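We did not get these values from a lab; they are worked out from the coordinates using the rules stated. Being a predicted model, the structure only gives us computed values, none of them experimental. Because the Cβ atoms are built from the backbone with ideal geometry, glycine has one as well, and the counts that use them run over all protein chains shown.
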Amino acid sequence: MLSYFAMINTSNLFQLVWERKIRFVVMFFLIFTTTYTILYVVDFLPEAPTEEVKTVAPATSVTSDTMSNGIFQAETLEPATTEPLNIDITEEPVTIAPIEKVLPQSIYIAKLDKTVDVLNPISRSVADLDTALLGGVVRHPDSATLDREGNVFILGHSSYLPNVLNKNYQALNGIQNLQWGDTIEVSGGDKTYVYRVEKVYKAKASELVVPIADTGNMLTLATCNSFGSADDRYIVEASRQVVRSS
C-alpha cells in the first residue's frame, strides 16, 4: 500500500518538474523577445564590428648613398603616383642614308686633247650597253667605281670613217698612240682622278680578259665596234697617281 502511494507521489513530482521547466522556457523567451524589441526600437542594440583596416608603412630601400658610419639607414620612398605616364612615341626613326657610289662622269686625255662623257648603265645586256655607247663611253657595270679599289673598265667606239654623224663612234680614236707616262683624267663627284698610262696593246676580243678586283686602283680603256663583236681591240692600262679636288 505504501509503495503504491510512493509511485503516485513520484509521478506527480516528475510532472511538476516538467511543468516548471516549460513555464521557465516560455517566460524566458517572452522576456528576451520583449527586451530585444524595446532595444531595437530605441536603437540601443550594439553594431556589428567593422573589419579593422591596417596601415602599412611605406617601403624602404637601402642604397650606398644612405650609408653612414657603416650603418645602413632606411630611406623612405615616396608613394607611387596615380597619374598616367606620358611616353613620347612620336620620335622619328633613325634613317640611314644609302651609300652613294662615285661614278665616272667624263674622261680627259691630254695627249689627244679629247674629252668624252662616261655613261654608267646598270643593265649588262649587250643591247643596252650598245645603246649606251651611242651617248659616249661606257663603264662596265661589273667594274669598280672611283671610290673603291679595283679596276674601272671603260669601253668606247672607235671608227676611222671619214663621215660620221655621231661623234661618239669616234670616242676613243687614237688611244693606241698613247705611251707610258701619258695621263688620263677621270672626273667623278667633286674630284678628279689622275691615272698614268702603263701599257698599250692590241688584243682579240675572244682572248681579252680584264681583271676587275685585286688590281689596286686601275683604269682600263678598250675600243670596241660592239659589245658582241669579235674584232680586235686596243687596250690601255693605267694606274692611279693622284686625286685632286675639281
Hey, what's the Kirkwood Rh for the range 106-245 if you take every pair of different alpha carbons, in angstrom?
15.1
Please give the per residue volume of the convex hull enclosing the alpha carbon atoms of the range 99-170, rounded to a whole number of Å³.
104
Total formal charge among the other residues, if their Cβ is under 15 angstrom from that of Gly136, Lys/Arg +1 and Asp/Glu -1:
0
Paramagnetic reach from Ser106 (point 7 Å along Cα→Cβ, amide N under 15 Å) across the range 123-140
136-137
List nothing, just return the count: lysine pairs in the range 106-245, 8 or more apart or interchain, with Cα separation under 22 Å.
8
